Amino acid sequence: MEFHKHSVFHLFVVSSLLCSLSRAESIGSVFFIDNQSNQYLRSPSANDGVQSHSMSPLEVGAVVSVLLGFAPPATLSDAGSSKLNEILVPNPFHRPRAVFMLEVTGLSADAANSILTNALRSKVNAGSDKAEIELPAEGVSMVSLDEKLADLTEKELSGLASWLGGSYIPSSLESLNGEFIIPLADDANVNLLMSKKADRDFVESLLALFHNSRRAIEMHEDLSHSTGGPAELIMGRFDSIKALKDQHKHEDVLQRVELLLAAISKMVDSFQVAYKGQIVGVIFHNDISSPKAEPMLNVMLTTQPSRRWLDEATGSKAAEIALLKVALVRKTLAWLTGIILIISTLMGICLLSNMPVTRDTLLYSNVKLD
């Protein structure tokens with residue numbers, strides 16, 4: 001029963017994400033979905049309502065970096081730092097180190113705002129540049145939700161239909177060309193025909209979310225057995241809504257959007273169970289209609305070279321001279337040390353060979369002399 005309540009809550013959160021769209025002055029919204037048992041975000045007060053302030057993609061990326069356990073970018077302004085303080089709990093040791101981030105594109109503002117007390121929402125500026133999140137490659141495990149299956153089979157399609165609570169009817173004429181029948185919350189059914197390109201792309205995108213989310217959970221189970229494992233980032237982009245609008249009427253598009261909400265809700269629930277609540281969801285909405293548009297957040301995994309590598313890799317003349325001086329000093333010290341050792345050894349051998357027996361008490365201690 002408690003799991004069902006969490007499912008309903010997450011469905012409301014994601015539904016509000018797509019329904020409570022911003023107006024012309026902003027490109028969309030971002031939702032931060034927290035867990036009720038392990039809260040990593042500040043609870044919005046009753047006076048906040050729907051948050052009126054807006055965030056830039058750079059500020060959203062800073063929130064993701066901090067949630068993963070890393071420092072925000074140095075280019076973050078003071079105003080951006082204050083927004084982070086409004087969203088994140090003040091305890092720096094209480095971070096989930098796992099984030100599920102999904103960007104949904106192609107939805108227009110056609111619904112009124114909704115007030116949520118259990119999720120944080122903010123507008124995202126339309127005029128802001130795209131942001132890049134730089135994370136250390138050795139400290140982050142990243143899973144993409146966009147990788148589609150190389151070999152699509154009837155079994156995979158049936159598994160997706162079962163996960164969504166529906167069924168898949170294969171075609172008797174052509175393989176991989178059947179029909180999905182998925183029940184919705186209002187007792188209606190949505191029918192997806194694999195013979196239609198828009199529906200096929202929509203199904204393949206849903207299948208990618210389903211398959212890669214399972215892969216992310218399996219990787220988490222492997223990483224959980226080791227202590228001090230890397231931070232985990234699960235990210236993807238869903239941009240199949242625009243094609244649905246071009247080929248279906250408004251009512252059919254709404255049904256498919258409702259199906260997408262149910263799928264995202266199931267994903268959030270499965271992540272919360274697998275990660276034991278130690279994960280935060282970050283879901284974007286924007287009205288970008290072009291599937292070729294760049295994502296709002298681009299993650300870059302960087303390596304941290306050593307100081308010696310940086311010194312040796314520099315190509316400036318002054319650095320080359322400094323390296324030659326260091327090499328000369330090292331060679332000089334090595335030669336001087338070697339010469340001193342050789343001379344000391346020869347002197348010791350000469351002194352020992354010419355030393356009287358009566359004075360060499362170390363080598364001839366047992367010799368009895370008259």
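Here are some notes:
- Where a label projected 7 Å from the Cα of D151 along Cα→Cβ would reach, residues of segment 171-200 with amide N under 18 Å: 175-177
- Estimated inter-spin distance, R330 and L351, nm [label 7 Å along Cα→Cβ]: 3.4
- Hydrodynamic analysis of segment 145-302 uses the Kirkwood radius over alpha carbon pairs. Inserted into Stokes-Einstein at 25 °C and 0.890 mPa s, it gives a translational diffusion coefficient of 143 µm²/s.
- Length available on full extension from E218 to E86: 0.36 nm per residue minus the Cα-Cα distance, which gives 44.2 nm.
- K197 paired with K249, simple spin-label distance in nm, labels 7 Å along Cα-to-beta-carbon: 2.3
- Listed pairs K130/K155; K155/K196; K196/K266 exceeding 31 Å between Cα atoms: K130/K155
- The listed residues F271, F93, F210, once ranked by accessible area (1.4 Å probe) with the largest placed first, stand as F93, F210, F271.
- With a Förster radius of 35 Å applied to the C-beta separation of A322 and S141, the computed FRET efficiency comes to 0.35.
- Within segment 194-215, backbone nitrogen closer than 13 Å to the virtual label 7 Å beyond the Cα of S171 toward Cβ: 194-201
- Other residues whose C-beta falls under 14 angstrom from the C-beta of L68 contribute a net charge of -1, scoring Lys and Arg +1 and Asp and Glu -1.
- Heavy-atom accessible area order for W163, W335, largest first, 1.4 Å probe: W335, W163
The values are calculated or read from the model by the stated rules, or taken from the named source; none is laboratory data. Since the structure is predicted, the reported quantities are computational estimates derived from the model, not experimental observations. Reconstructed Cβ throughout: ideal geometry from the backbone, glycine too, with neighbour counts over all protein chains shown. Note: areas computed on protein heavy atoms with side chains; ligands, DNA, RNA excluded. Shrake-Rupley method; radii C 1.70, N 1.55, O 1.52, S 1.80 Å.
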